[in-house]
1. Find all pairs meeting these conditions: Cβ atoms under 9 angstrom apart; at least six residues apart or on different chains; first residue within the stretch 231-242 and within 17 Å of residue 289 (Cβ to Cβ); second residue open to solvent by 20 Å² or more (accessible area, probe 1.4 Å) and among the polar types (S, T, N, Q).
2. Can you spot a residue in the stretch 213-225 that is of a type in the set (Gly, Ala, Ser) and under 19 Å from the mean Cα position of the chain (by Cα)?
3. Are there any pairs, at least 6 apart or on different chains, whose C-beta atoms fall under 6 Å, with the first in the stretch 81-107 and within 15 Å of residue 17 (Cβ to Cβ) and the second of a type in the set (Phe, Trp, Tyr) and in a helix (DSSP H, G or I), and if so, which?
4. Which residues, taken from the stretch 242-261, are under 22 Å from the mean Cα position of the chain (by Cα) and open to solvent by 30 Å² or more (accessible area, probe 1.4 Å)?
5. Which one of these does residue 303 not meet: (1) within 20 Å of residue 94 (Cβ to Cβ); (2) modelled with pLDDT of 95 or more; (3) assigned to a helix (DSSP H, G or I); (4) not charged (D, E, K, R)?
6. (1) in contact with a strand residue (DSSP E or B) (Cβ under 9 Å, 6 or more places away or on another chain); (2) surrounded by fewer than 17 Cβ atoms within 10 Å (Cβ to Cβ); (3) in contact (Cβ under 8 Å) with a residue 40 or more places away in the chain: which one isn't true of residue 73, the others all being true?
7. How many residues, within the stretch 224-241, are crowded, with 18+ Cβ neighbours inside 10 Å and part of a loop (DSSP other than H, G, I, E, B)?
8. Do we have any residue at all in the stretch 316-330 that's within 20 Å of residue 129 (Cβ to Cβ) and either in contact with a Pro (Cβ under 7 Å, 6 or more places away or on another chain) or outside any strand (DSSP E or B) (or both)?
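The values are calculated or read from the model by the stated rules, or taken from the named source; none is laboratory data. Because the structure is a prediction, the values reported are computed rather than measured. Quick reminder, even Gly has a Cβ in these numbers, built from the backbone with ideal geometry, and neighbours come from all protein chains shown. These accessible areas exclude ligands, DNA and RNA; they are computed on the full protein's heavy atoms, side chains included. Shrake-Rupley method; radii C 1.70, N 1.55, O 1.52, S 1.80 Å.
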Amino acid sequence: MLSPHSLLRLLADFGNSQILNAALEYKLFTVIHQGQQTPEEIARHAGTDPRATRIVLDGLIALALVEKRQDRYRLTPISESFLVEGQSSYIGEFRHVIFSLWDGMAHLKETLKTGKPYGRLDTHGKLEAWEKIVVGILPIVRPVAETLCDLLQIGTEKKGSRVLDIAGGSSIFGMTILSRDPSSEVTQLDWPNVNAVARRLNRERGLEGKIRFLDGEFRTQPVEENHYDLIIASNFCRFESPQGNRELFQKVYRALRPGGLFVINDFLPNEERTGPTFVLRFSVYTLAHTPEGECYTLSEYSGWLTGAGFSSVARHGDIPNTLPGTTLVIGKK
């Protein structure tokens, strides 16, 4: 017999993300990791109300993120691994990515009616949000950057490349390339405040001055033609319209040397748009935040690339340790 339970859970699931968000905001997992275990101790160190703290901690039990024995709270293995600040595996900043989508999704019914987003993430109006987003997505982008370096054999067969990273964000691709091949010449093009975040991350990793930063947007920024060996557009093309991507790919083609490569990193649905389920959901997020963007298929990317003049197109999916549907599309000039 069918039950509506799964539908009721879908409607109520927004509460789970807010429970986790509140716990991360006040560092509850880190406080417990440091040895505070009773609600009173945890509240005192977190600067929160004791009663509210107890109720939220019990909510975390329901999410399998903490355990309680004799009124003392302990972290579960997954929280210990990924939700304690200061650890290299910490993913708490990813919440800024999710909550940057909150307002648009809250008004999805209006977007469904009009076809227009309530708010936009692809403009200067969201600069402060992007400062947090580019750091938040590091855990899911780092494995892709490592995979790209492996595929292209950067540091072994491929050395001294001129690289342009379009909307490079945290500069994780540039930093990863330089860690494999210090002789590479990396340029990142992004908004000024985002480049400032990337410069800070470069300093923290001992790479200060190794990447050249250009402040601006690819639509308007002059780019040297016939100059680069590798151009990267990561988590960018889905925010563009089909025509915007055609113009982008043409400009990239002109900027590449003969034999140069254009690498797109994005979430790709299958050709029937029946999966992966994460990508189908993310395309809705994109609908709610851009005028004409969505998650595009391989055939769409291939058409735009060959139309711009690229001689071959390759696809590399099934990238480990990142989100389903993450795909590298590589066009060769």
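1. 238/283
2. So the first thing to find is which residues in the stretch 213-225 are of a type in the set (Gly, Ala, Ser), and the list is 216.
When the remaining residues are screened for being under 19 Å from the mean Cα position of the chain (by Cα), the result is none.
Scanning the stretch 213-225 turns up no residue that is of a type in the set (Gly, Ala, Ser) and under 19 Å from the mean Cα position of the chain (by Cα).
3. Within 6 Å, the pairs are 83/29; 91/82; 101/285.
4. 242
5. (1)
6. (2)
7. Residues of the stretch 224-241 that are crowded, with 18+ Cβ neighbours inside 10 Å, as a first pass: 228-240.
From what's left, part of a loop (DSSP other than H, G, I, E, B): 235-236, 240.
Going through the stretch 224-241 one residue at a time, the tally reaches 3.
8. Step one: list which residues in the stretch 316-330 are within 20 Å of residue 129 (Cβ to Cβ), which gives 323.
Those still in the list that are either in contact with a Pro (Cβ under 7 Å, 6 or more places away or on another chain) or outside any strand (DSSP E or B) (or both) too: 323.
Yes, the stretch 316-330 contains a residue that is within 20 Å of residue 129 (Cβ to Cβ) and either in contact with a Pro (Cβ under 7 Å, 6 or more places away or on another chain) or outside any strand (DSSP E or B) (or both).
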